[in-house]
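Have a look at the structure below, then the notes.
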Amino acid sequence: MTPGRPVPPPFAKPIVPAAEAGAAAEAGALAAAYGAVSGDSGLVPLTVARRAPKPDDVEIAIDFCGLCHSDVHATRGEWGGQTYPLVPGHEIVGTVSRIGSDVTDFAVGDRVGVGCLVDSCRECDSCLDGLEQYCEKGMTGTYGAKDRRNGDTITQGGYSSSIVVDRRYVLRVPDSLDPAAVAPLLCAGVTTFSPLRHFDVEEGDVVGVVGLGGLGHMAVKLAKAMGAKVVVFTTSESKVAAALELGADEVVLSRDETAMAAADRTIDLIIDTVAAPHDLNPFFRTLRVDGALFQLGLPSEAMPPVNPGSLIRRRIAYAGSLIGGIAETQEMLDFCAEHGVVADIEMVSAGQLNEAYDRMVAGDVKYRFVLDTSTLQAAAEEANA
């Protein structure tokens, strides 16, 4: 297994001065949306002002948008420093409704997607390597971020009827896949695909997956599609059957010391999706020499300390990974089309969003919620986001 996989770089383009961007935005359209107006407001109907497409822009009529746990943290102000009103959503699937004058790679009617980022500097080493998510000047998130090319307006996301995005950050969604079930691939899918690809997982490898939620269920499906044997680690006996139904070859109850001991030196790569503090040292002991553990879950509190000896004795790597670049995300979508991989979803209407957030916090979803944007009410005559 060889780490690393080159991807094509994006085309660089200077940032448009704020004055020009503001003038272009004046002719934009209004979109119906749901978002938060404060940390404790819940999600309420809003109207979003979208800019008119500039020469390199694609306007998208949104059909579906996945709900991510990070949406909950952001809208409820749990990460601090949030600007309101805020329309979340970075797992967007829709149809091209209008294109800018210089766009030749998309046409009206194309099925497309937008993930977690809508811009980056396009000039740093990370961007030129196709790793826009690691942009050295900071990527522009799909919502809640300053849009430097468009007058420093705050980006508003996919819980809305439309969005306008530079063509370089728009993905082509294969027609063979269910568009609603594709939406979570644009976050949960690429977040798990990227470390599997980076470690060059192939047939005969053994991949461990810690946790069986939105990320974990995608890690199981993708690793299996790559030909790996998949071992799920869970603290819950109730998830054993679910893991096997998803395609896992084996399930280990991580609180069972005997079962964990039996797994010693049997795993090549672990994808850890758990977002709560937990002890990693028992999992390091399941890795073979030159194995690696990729941390994808981001706990809000400190994790128990890692024992360096666990790493040193087997030349183990402990790494992190953040979503994926644009080229890699497109590769992931094409891979999923080839292997028939999509997320397991539950559709919700706009009026069910607040309930869905509470259920996400409680872990009551198998495995991702997706918003049907046809249930949004009509946009008001004036924008409030």
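The values are calculated or read from the model by the stated rules, or taken from the named source; none is laboratory data. Please read these numbers as outputs of a predicted model, since none were measured by experiment. Every residue, glycine among them, receives a Cβ derived from its backbone with ideal geometry; neighbour counts consider all protein chains shown. To get the accessible areas, we keep the full protein, side chains included, count just its heavy atoms, and leave off ligands, DNA and RNA. Shrake-Rupley method; radii C 1.70, N 1.55, O 1.52, S 1.80 Å.
What to note about this one:
- Qualifying residue in region 83-103 (condition: touching a Lys or Arg at 6+ places or on another chain (Cβ under 8 Å), buried (at least 24 other Cβ atoms within 10 Å of the Cβ) and not acidic (Asp, Glu)): yes
- Region 271-292 residues that are under 23 Å from Val190 (Cβ atoms), paired with ones that are open to solvent by 40 Å² or more (accessible area, probe 1.4 Å) and in a loop (DSSP other than H, G, I, E, B) (beta carbon under 7 Å, 6 or more apart): Ala275/Leu298
- On inspection, Thr192 fails the criterion of being of a type in the set (Val, Ile, Thr) and farther than 15 Å from Thr329 by Cα.
- Test: residue in region 125-145 that is in a strand (DSSP E or B), in contact with a Pro (Cβ under 8 Å, 6 or more places away or on another chain) and of a type in the set (A, V, I, L, M, F, W, C): no
- Each residue in region 144-165 was checked for being among the hydroxyl-bearing types (Ser, Thr, Tyr) and either at positive phi or open to solvent by 30 Å² or more (accessible area, probe 1.4 Å) (or both), and 2 pass.
Every residue, every condition in (1) within 30 Å of Ser349 (Cβ to Cβ); (2) among the hydrophobic types (A, V, I, L, M, F, W, C), yes or no:
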{"position": "Lys146", "(1), (2)": "no, no"}
{"position": "Val164", "(1), (2)": "yes, yes"}
{"position": "Ala181", "(1), (2)": "yes, yes"}
{"position": "Leu186", "(1), (2)": "yes, yes"}
{"position": "Gly211", "(1), (2)": "yes, no"}
{"position": "Met218", "(1), (2)": "yes, yes"}
{"position": "Val230", "(1), (2)": "no, yes"}
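- Residue tally, condition in a helix (DSSP H, G or I) and within 17 Å of the chain's Cα centre (by Cα), over region 163-219: 26
- Residue ID - farthest from the chain's Cα centre (by Cα), chosen from residues in region 222-269 that are in a loop (DSSP other than H, G, I, E, B) and buried (at least 18 other Cβ atoms within 10 Å of the Cβ): Ala263
- Checked against (1) modelled with pLDDT under 95; (2) within 21 Å of Met139 (Cα to Cα); (3) open to solvent by less than 50 Å² (accessible area, probe 1.4 Å); (4) of a type outside the set (S, T, N, Q), Gly39 passes all but a single condition, namely (2).
- Criterion violated by Gly340 - all others in (1) surrounded by 12 or more Cβ atoms within 10 Å (Cβ to Cβ); (2) out of contact with any strand residue (DSSP E or B) (no Cβ under 6 Å at 6 or more places or on another chain); (3) at positive phi satisfied: (1)
- Strands (runs of 3 or more DSSP E) enclosed by region 275-385 - at least 2 residues per element that are at pLDDT 95 or above and over 22 Å from Leu46 (Cα atoms): 287-295, 317-320, 345-348
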